[in-house]
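Please treat every number below as a calculation from the coordinates, not as lab data. These figures come from a predicted structure and were not determined experimentally. Quick reminder, even Gly has a Cβ in these numbers, built from the backbone with ideal geometry, and neighbours come from all protein chains shown.
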Amino acid sequence: MTTLTSTWTEAQGGCPASALGQAYRPLEHDGFYDFIAKAQAEEPVFFSEAIRYWVVTRREDVLAVLADHDSFSAAITLAPVRPFPPDFVAALRDGGFSFEPTLVNSDADIHSRLRPKAQRFLNAKRYATYAESIRAIVRDHIAAIGTAKRVDVVAALTYEVPAKVLALLLGVEDISPKQIKVWADHRLGMTFGALEGEELAEAGRQLLDYWKYCQRLVADRQDNPRDDYASMLLDLRGGDDAVLTITDVVGLVFGVMVAGHETTTNATGNLIHALLSERDQWERLKADPTLIPNAVEEGLRHSSSVVNWRRRTTRAVTIGGVDIPEGANVLISLAGANNDPEVFDNSRAFDVGRANVRDHVAFGKGRHFCLGAPLARLEMTIIMEEILAAFPDMELAPGFHPDWVPTVTFRGPLTLDVLPFGGSEAA
Amino acid sequence: MKIAFLTADGNRIEAQAQPGASVMEIATGAGVPGIIGECSGSMACGTCHCKLTDDRYALVGPPGDDEAAMLEFSDTEPTATSRLSCQIALTPAHDGLIVHVPPWA
């Protein structure tokens with residue numbers, strides 16, 4: 001049975017440890033896309049002994065996995081890539097944390113109960129009502145950059161804006177974006193990274209801290225309903241546990257943080273990095289800002305912030321001609337699908353006018369399709385509009401090379417040093 | 001059988017269709033702009049919103065509850081004859097269906 005605490009030691013059947021599988025370094029991001037291209041050409045489905053996952057890299061195979069909810073369970077989605085020690089799990093349970101499945105890691109019955117409720121709030125029409133507030137937040141951050149000659153765009157803009165937008169959705173004013181960042185960082189590190197020892201213990205404390213914050217928030221909205229996500233879920237619940245339990249509501253509120261924060265931060269950082277790295281594309285956007293929505297899609301395709309997602313087989317399957325046993329872990333390369341040369345010509349070129357860009361799967365596909373996709377698109381579009389207007393001559397800082405978020409699943413620059421007003425040649 | 005899509009910029013795109021396929025599948029197969037179908041027919045994205053003429057809507061029928069909710073939340077305002085095209089399973093009776101693609105005036 002799948003647990004939410006371990007994926008590491010499951011039997012995987014006879015696993016051929018190919019040379020390519022041996023060479024796979026899931027936590028390293030330098031050479032990331034070169035490796036995917038090599039895998040797609042030589043061994044598009046391979047087994048990684050390092051994480052004990054089957055890795056699927058071609059778009060056609062990725063779509064087949066995402067479409068087949070019966071053969072591929074989502075229950076593994078939030079399980080730690082490396083297993084938690086038993087005493088760590090016990091400490092989280094003792095602290096009141098729920099390992100009950102929520103939206104992203106539930107299968108048919110639970111998912112079909114939760115998703116329609118969440119969707120009543122998390123939808124394009126609702127998001128559109130936040131557009132002007134989001135623009136005001138972005139403009140505040142741009143104003144704070146002022147006349148700085150050099151700035152880290154992640155610290156100055158892309159980290160805090162999505163956190164503040166989440167605060168809008170959750171209707172909270174008593175929490176700093178930096179606190180959300182701390183919680184989210186630890187949550188991601190413990191689930192998708194490789195934390196150990198005191199780092200893991202600290203992540204556990206932060207996880208409980210955020211869980212308890214969400215519990216308090218939900219308890220408050222039971223007494224003082226507002227126009228926000230938790231209040232709407234409680235209203236739909238109508239006091240009926242068969243509709244939603246309080247733990248369901250806390251879990252849905254809790255889940256929004258990671259789902260809507262780091263993903264958008266990384267996607268926006270990747271987009272700006274790619275545009276500044278291919279100057280002619282930046283200039284095309286400047287000349288024709290109507291291309292911004294398409295450029296956002298190209299950013300999501302070219303440099304997805306969610307590069308891998310996970311499923312577990314519920315039966316023996318064959319993917320891309322490779323037999324995979326029941327109970328096996330599958331790592332779906334969304335980055336691979338989005339750079340499949342069969343679908344995207346010259347895929348590593350960033351093309352703001354790419355015609356078939358919406359064929360990307362950066363937000364997944366099928367019934368788990370990202371509920372926050374319209375919000376991410378809205379935030380990224382507004383950020384690009386405002387950046388291009390305020391800093392049309394922005395350049396990457398000379399010699400800057402990004403370090404990447406150290407997880408298997410997410411990819412984005414930890415810092416992004418730019419010259420807002422250009423001038424690298426004069427420097 | 002054939003169905004036709006009328007796009008926002010006034011183009012008419014005709015496509016061969018097979019009974020059993022959804023209108024969304026025919027549209028994405030034919031590259032109709034404005035019908036995206038990101039969730040592959042799971043009623044989870046609202047990116048295959050379309051509208052039908054009154055007589056065709058009567059033939060196809062109204063949306064179910066979950067579909068109606070998703071239509072309400074899509075970024076194009078739904079009309080009285082809106083459907084998610086992924087939820088329209090084609091039958092031979094739908095031959096000649098005309099599907100309007102958003103945005104519409």
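General remarks:
- Sum of side-chain charges, residue B:64 neighbourhood, beta-carbon under 14 Å (Lys, Arg +1; Asp, Glu -1): -3
- Pairwise FRET efficiency - residue A:168 versus residue A:41, Cβ, R0 = 35 Å, nearest 0.05: 0.20
- Separation between Cα centres of the stretch A:80-149 and the stretch A:283-331, rounded to whole Å: 19
- Taking Cβ atoms as reference points and 12 Å as the exclusive limit, the residues near residue A:269 contribute a net charge of -3, counting Lys and Arg as +1 and Asp and Glu as -1.
- Inter-site label distance for residue A:129 and residue B:9 at 7 Å from Cα along Cβ, in nm: 3.4
- Placing a label point 7 Å from the Cα of residue B:53 along the Cα-to-Cβ direction, the residues of the stretch B:1-43 whose backbone N falls under 17 Å of that point are B:2-8, B:10-15.
- Among the residues of B:40-50, the average count of other protein chain beta-carbon atoms within 10 Å of the residue beta-carbon is 6.
- Restricting the calculation to alpha carbons of chain A gives Rg and Dmax of 21.3, 66 angstrom.
- Projecting label points 7 angstrom from Cα along Cα→Cβ for residue B:72 and residue A:60 puts them 4.2 nm apart.
- Peptide A:120-126 shows a mean partner chain C-beta count of 4 within 10 Å per residue C-beta.
- Histogrammed with a bin width of 10 Å, the alpha carbon distances of the stretch B:2-100 distribute as 17, 56, 27, 0 percent, first bin at zero.
- Highest average packing first - A:378-387, B:83-92, Cβ atoms within 10 Å: A:378-387, B:83-92
- Stretchable slack from residue A:94 to residue A:348, in nm (0.36 nm times residue separation minus alpha-carbon distance): 86.7 nm
- Rounded to two decimals, the Cα-based Rg/Rh of the stretch A:39-116, with Kirkwood Rh, is 1.06.
- Between the stretch A:339-397 and the stretch A:159-198, the alpha-carbon center distance in angstrom: 23
- GluC sites (Glu not before Pro) lying in DSSP loop within the stretch A:90-198, provided at most 12 other Cβ fall within 10 Å: A:173, A:196
- Gain upon complete extension [residue A:318, residue A:27; 0.36 nm per residue less C-alpha separation]: 102.1 nm
- Think of chain A as having a plus end and a minus end, set by charges on the Cβ of Lys, Arg, Asp and Glu; of A:368, A:74, A:245, A:245 sits farthest toward the positive end of this dipole.
- Its Cα gyration tensor gives the stretch A:292-408 an equivalent ellipsoid; the semi-axes, largest first and in whole Å, are 32, 16, 15.
- For the stretch A:345-419, the percent of C-alpha pairs falling in each 10 Å distance bin, counted from 0 to the bin holding the largest distance, reads 14, 32, 46, 9, 0.
- Sites matching trypsin sites (Lys or Arg not before Pro) across the stretch A:219-311 that sit in DSSP coil, with at most 14 neighbouring C-beta atoms within 10 Å: A:226
- Taking other residues whose beta carbon is less than 11 angstrom from the beta carbon of residue A:401, and scoring Lys, Arg as +1 and Asp, Glu as -1, yields -3.
- Distance-filtered residues of the stretch A:294-326 - backbone nitrogen under 12 Å, label point 7 angstrom along residue A:70 Cα→Cβ: A:315
- Coil-residue trypsin sites (Lys or Arg not before Pro) of the stretch A:136-165, DSSP, other Cβ within 10 Å capped at 13: A:149
- Whole-Å distance, taken between Cα centres, linking the stretch B:1-48 and the stretch A:20-43: 36
- Bridges between two residues of the stretch A:6-419, per DSSP, are antiparallel at a rate of about 85%.
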